Amino acid sequence: MRTEVTPADLSKSVMAVPPLARSADGAFDIAANAALVHHLEAGGVSTLLYGGNALAHHWPISQYANWLDQLELSCGSNTWLLPSVGSDGGRLVDQAAQLKSRKYPVALLLPMIAPRTEEGTMASLRRFHAECGVQLIVYIKTDDYLLPQSLGALVADGVVFGVKYAVPRPQGGRDSYLDAIIAAIGAERIISGFGEPPAIAHMRDYGLAGFTAGCVCLAPAISMAALAALREGRVDQAQSLIQPMLALEAARNRINEIRVLHEAVSLAGIAQMGPILEPSSGLPATERAEVETAARALLAAEHAFRAQSAA
Ligand SMILES: N[C@@H](CC=O)C(=O)O
């Protein structure tokens, strides 16, 4: 696992957001998590974020550090592994104590929804960083979540590393909140935060550094090629590359993006993810059939893409 990173690393790989595999009894499944990590690394992905798709909000604090340590053992030495922290202030305090003796350079701050103030949030993030030395990527999913000038101050002080930006907007208009954050911290510290399709406009129109995604877990080589195309301004090629993802993305958008991804990785045969963490729950059989078709088609497209790239 990499222990030193710079903002330039945000654009070097898609930031994959994998589900977490557990065995039938709920224990961390070492082999299945490793199989998914190896599938991602074989497709060229070198940044892994255990966040929303792993339901990191619900990881027991008693298991938190142990599960991260096991994931670290599955990763190659060149892989940047990011844990998530929060989303409430109490978890931040407990996780700082657990991360203090470990070597993660950066963690994702899950969106805070519990009662808070701007001033109190800044104090809490500063305290977290002072306690464990880990920088934060702030996950912004709602408008005006933190003031751009607050983010600017936290970046200047080394507390915040960057932003994962995922505020949904109608197509066509300009996003003034995103523009203000770019003015405060620079586009090179911001990644698009909700999958491959929205990343196209975020990278083309705002110059964001890269993106996080879930479908990359099935099709890492395709997703990495889309990132490379976007970085080089080949937007039409990126659009065309992600076509095989759209059926699975549609199922994710219609049913639930986290639950569908969790089952899709199993149903495609990449690795058995086992029971999803409560209080989430698995898909009914009726929905599983649609997800299986889309997942298998996407994995087949990934294999065809890798074969074609190697030829
Ligand atoms: N939610 C997005 C990106 C992850 O953060 C996805 O799963 O595609």
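Okay, here's what the table says:
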| read-out | value |
| --- | --- |
| Cβ pairs under 7 Å, 6+ apart, first in region 226-245 and polar (S, T, N, Q), second modelled with pLDDT of 95 or more | 237/229; 239/200 |
| Residue ID - farthest from residue 8 (Cα to Cα), chosen from residues in region 36-46 that are surrounded by 18 or more Cβ atoms within 10 Å (Cβ to Cβ) and of a type in the set (A, V, I, L, M, F, W, C) | 36 |
| Among the residues listed as 303, 262, the single one being open to solvent by 20 Å² or more (accessible area, probe 1.4 Å) and either within 22 Å of the chain's Cα centre (by Cα) or within 26 Å of residue 31 (Cβ to Cβ) (or both) | 303 |
| Hits in region 237-254 (condition: open to solvent by less than 60 Å² (accessible area, probe 1.4 Å) and within 13 Å of the ligand (Cβ to nearest atom)) | 242, 245, 248, 249, 250, 251, 252 |
| Some residue of region 221-236 being on the phi < 0 side of the Ramachandran plot, part of a helix (DSSP H, G or I), crowded, with 24+ Cβ neighbours inside 10 Å and within 14 Å of the chain's Cα centre (by Cα) | yes |
| Single match in 166, 187 (criterion: within 16 Å of the ligand (Cβ to nearest atom) and open to solvent by less than 40 Å² (accessible area, probe 1.4 Å)) | 166 |
| Residue satisfying all of: in region 53-64; in a helix (DSSP H, G or I) and open to solvent by 20 Å² or more (accessible area, probe 1.4 Å); nearest to residue 210 (Cα to Cα) among these | 57 |
| Tally, over region 290-299, of residues that are under 14 Å from residue 252 (Cα atoms) and surrounded by 16 or more Cβ atoms within 10 Å (Cβ to Cβ) | 6 |
| From 24, 114, 54, residue being within 16 Å of the ligand (Cβ to nearest atom) and of a type in the set (A, V, I, L, M, F, W, C) | 54 |
| Test result for residue 287, surrounded by fewer than 22 Cβ atoms within 10 Å (Cβ to Cβ), more than 16 Å from the ligand (Cβ to nearest atom) and charged (D, E, K, R) | yes |
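Conditions tested, residue by residue: (1) touching a residue at least 40 places away in the same chain (Cβ under 8 Å); (2) open to solvent by less than 30 Å² (accessible area, probe 1.4 Å); (3) touching a Cys at 6+ places or on another chain (Cβ under 8 Å).
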position	(1), (2), (3)
79	yes, yes, no
87	no, yes, no
94	no, no, no
97	no, no, yes
105	yes, yes, no
108	yes, yes, no
113	no, no, no
124	no, no, no
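The values are calculated or read from the model by the stated rules, or taken from the named source; none is laboratory data. Note that the structure is a prediction, hence the values are computed from the model and not measured. Note that we place each Cβ from the backbone using ideal geometry, even for glycine, and neighbour counts take in every protein chain shown. Keep in mind that these areas ignore ligands, DNA and RNA; they rest on the heavy atoms of the full protein, side chains included. Shrake-Rupley method; radii C 1.70, N 1.55, O 1.52, S 1.80 Å.
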